[in-house]
Amino acid sequence: MTRSFLARNPSVLWFLAVLALFTLTVTLLAEGFGIGLIPTAFVKTLGKTLCLCLVALAMDLVWGYTGILSLGHMAFFAVGGYMVGMWLMYARTEEIVVQALASGPIPATAEEVAQGVASQIFGVVGGSELPPIWSFAHSAWLQLPLVLIVPGVLALVFGWLAFRARVNGVYLSILTQAMTLALALYLFQNDSGLRGNNGLSGLQNLPGLADWPQSTVSILFFLASSLLLALGYLLAGFVTSGKFGSALRGIRDDEQRLRFLGYPVEGYKLFVFTLTAMIAAIAGAFYYPQAGIINPAELAPIASIYLAVWVAIGGRGRLYGAVIGAAFVSLLSSWFTGGMAPSIPLGFYTLHWVDWWTVLLGLSFVLVTLFAPKGIGGLFDRLAHIGTPARHGAALGPTDGALQEKEAQE
């Protein structure tokens, strides 16, 4: 009898149970629907952290399981934020313009409203007309699908060109980083159509919900982020299980051998690269409304490097490790850089954590790489008594978990 997916992957069920308990606890203790022990600002931080956990999950799929070190996935994350931000900013500005024109002697026409919206949004960069890329921003039904379409097409085209040319390893990482840098430099220009360095702001104001308190809105976003992370974890667990997951690990461990066996390696890599880009974009689409603003600095290549550090610290090749790493580093970063960590006077020098947090993060990455390559997730493996299976014969791959020659013959 074939067992169900959750029966074959109990760690997925455990994760969903822990996430549900965490979500319920925060909701009951928050100001929006609960007793008010958790402030709204921290609820927003937790909601954003869940979104970062989702993009870390995508990074673990493409790097930890498939072996593609992408240094451009935070670009897809930001593009998703821009796509939803265009609709949010247009809708909010339209409400303000309509209210302002309502006091006139005659009702405003649709053209006057559109002109007023364009002037309000692009006046800061000296413009008064909506660029063509804003053609769908007036409609949620037309604009929101672009959250998936634009990053998906970008990843599909980039991946097809790169994988078709069989670009691998550090060269592929450099290419993804170059793509991110090029996109960021383009968005910094005022004529990019996305307000250049000013970015998009006021994204926390949801259309039609201007009268709702932020305590309620923050909980709604938190619940939505939690649901997205749960669905993303289920999807990632399904992708990495069964024969498809074994093929991904085979690409990571020994791509050439898998290609010689007749597997369409480029097709697998293109699918995972595009899928994870779309997952990252969805995470960004829910992150930036909670942040309230997005600008081209969010596409800086360093952001994607941080993402790789989170996954490495959590333990790549383990879905829960990616989530743990992103949550741990994100919350710790908020504590150190938010002024909550006390400064340490050393007499000759006062240690301010705001200045030294990135150094601490880099040092942590080096230490994990040298002494704990399995990351924080490896500690959970030890507690659960999950070890590397006994292998026999010559190795068929470069990692400790790779299939061995004798085992393959049994």
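The values are calculated or read from the model by the stated rules, or taken from the named source; none is laboratory data. Keep in mind it's a predicted model, so treat the numbers as computed, not measured. A quick note on method: Cβ atoms are made from the backbone with ideal geometry, for glycine too, and the neighbour counts reach across all protein chains shown. Note: accessible area is taken over every heavy atom of the protein model, side chains too, but ligands, DNA and RNA are not part of it. Shrake-Rupley method; radii C 1.70, N 1.55, O 1.52, S 1.80 Å.
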Count of the stretch 304-356 residues which are in contact (Cβ under 8 Å) with a residue 60 or more places away in the chain and of a type in the set (A, V, I, L, M, F, W, C)
13
Out of the stretch 53-73, which residues are modelled with pLDDT under 95 and under 30 Å from Pro131 (Cβ atoms)?
Ser70, Leu71, Gly72, His73
Of the residues in the stretch 338-363, how many are closer than 28 Å to Trp63 by Cα and touching a helix residue (DSSP H, G or I) at 6+ places or on another chain (Cβ under 6 Å)?
1
Filter result for Pro107 (surrounded by fewer than 17 Cβ atoms within 10 Å (Cβ to Cβ) and touching a residue at least 40 places away in the same chain (Cβ under 8 Å))
no
Restricting attention to the stretch 243-265, does a residue exist that is farther than 30 Å from Ile68 by Cα and either in a helix (DSSP H, G or I) or open to solvent by 70 Å² or more (accessible area, probe 1.4 Å) (or both)?
no
Only one of Ile313, Ile324, Ile305 is closer than 22 Å to Gly245 by Cβ and β-branched (Val, Ile, Thr). Can you tell me which?
Ile324
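Residue-wise test of (1) farther than 22 Å from Ala91 by Cα; (2) of a type in the set (S, T, N, Q).
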{"position": "Trp212", "(1), (2)": "no, no"}
{"position": "Thr240", "(1), (2)": "yes, yes"}
{"position": "Leu258", "(1), (2)": "yes, no"}
{"position": "Gly284", "(1), (2)": "no, no"}
{"position": "Ala291", "(1), (2)": "no, no"}
Within the stretch 142-159, identify whether any single residue is of a type outside the set (Asp, Glu), touching a Lys or Arg at 6+ places or on another chain (Cβ under 9 Å) and surrounded by 13 or more Cβ atoms within 10 Å (Cβ to Cβ), and answer yes or no.
yes
Taking the stretch 200-238 and keeping only residues that are of a type outside the set (S, T, N, Q), surrounded by fewer than 22 Cβ atoms within 10 Å (Cβ to Cβ) and in a loop (DSSP other than H, G, I, E, B), one is left with Gly202, Leu206, Pro207, Gly208, Leu209, Ala210, Asp211, Trp212, Pro213
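Table: residues versus (1) touching a Leu at 6+ places or on another chain (Cβ under 8 Å); (2) more than 30 Å from Pro213 (Cβ to Cβ); (3) at pLDDT 95 or above.
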site: Thr276; (1), (2), (3): yes, yes, yes
site: Ala283; (1), (2), (3): yes, no, yes
site: Tyr287; (1), (2), (3): yes, no, yes
site: Ala291; (1), (2), (3): yes, no, no
site: Asn295; (1), (2), (3): yes, no, no
site: Pro301; (1), (2), (3): yes, yes, no
site: Ile305; (1), (2), (3): yes, yes, no
site: Arg316; (1), (2), (3): no, yes, no
Failed item, numbered, when Met179 is tested on (1) within 22 Å of the chain's Cα centre (by Cα); (2) on the phi > 0 side of the Ramachandran plot:
(2)
Return only the number of the condition from (1) without any contact (Cβ under 8 Å) to a residue 60 or more places away in the chain; (2) touching a helix residue (DSSP H, G or I) at 6+ places or on another chain (Cβ under 9 Å) that Asp211 does not satisfy.
(2)
Can you name the residue in the stretch 171-196 that is modelled with pLDDT under 90 and either in a helix (DSSP H, G or I) or acidic (Asp, Glu) (or both) and is also most open to solvent (accessible area, probe 1.4 Å) among such residues?
Asp191
Based on this model, can you work out whether Ala155 counts as under 17 Å from Val62 (Cα atoms), free of Cβ contacts under 8 Å to residues at least 60 places away in the same chain and in a helix (DSSP H, G or I)?
no
Over the stretch 101-138, the set of residues of a type in the set (Asp, Glu) and not in a helix (DSSP H, G or I) is Glu129
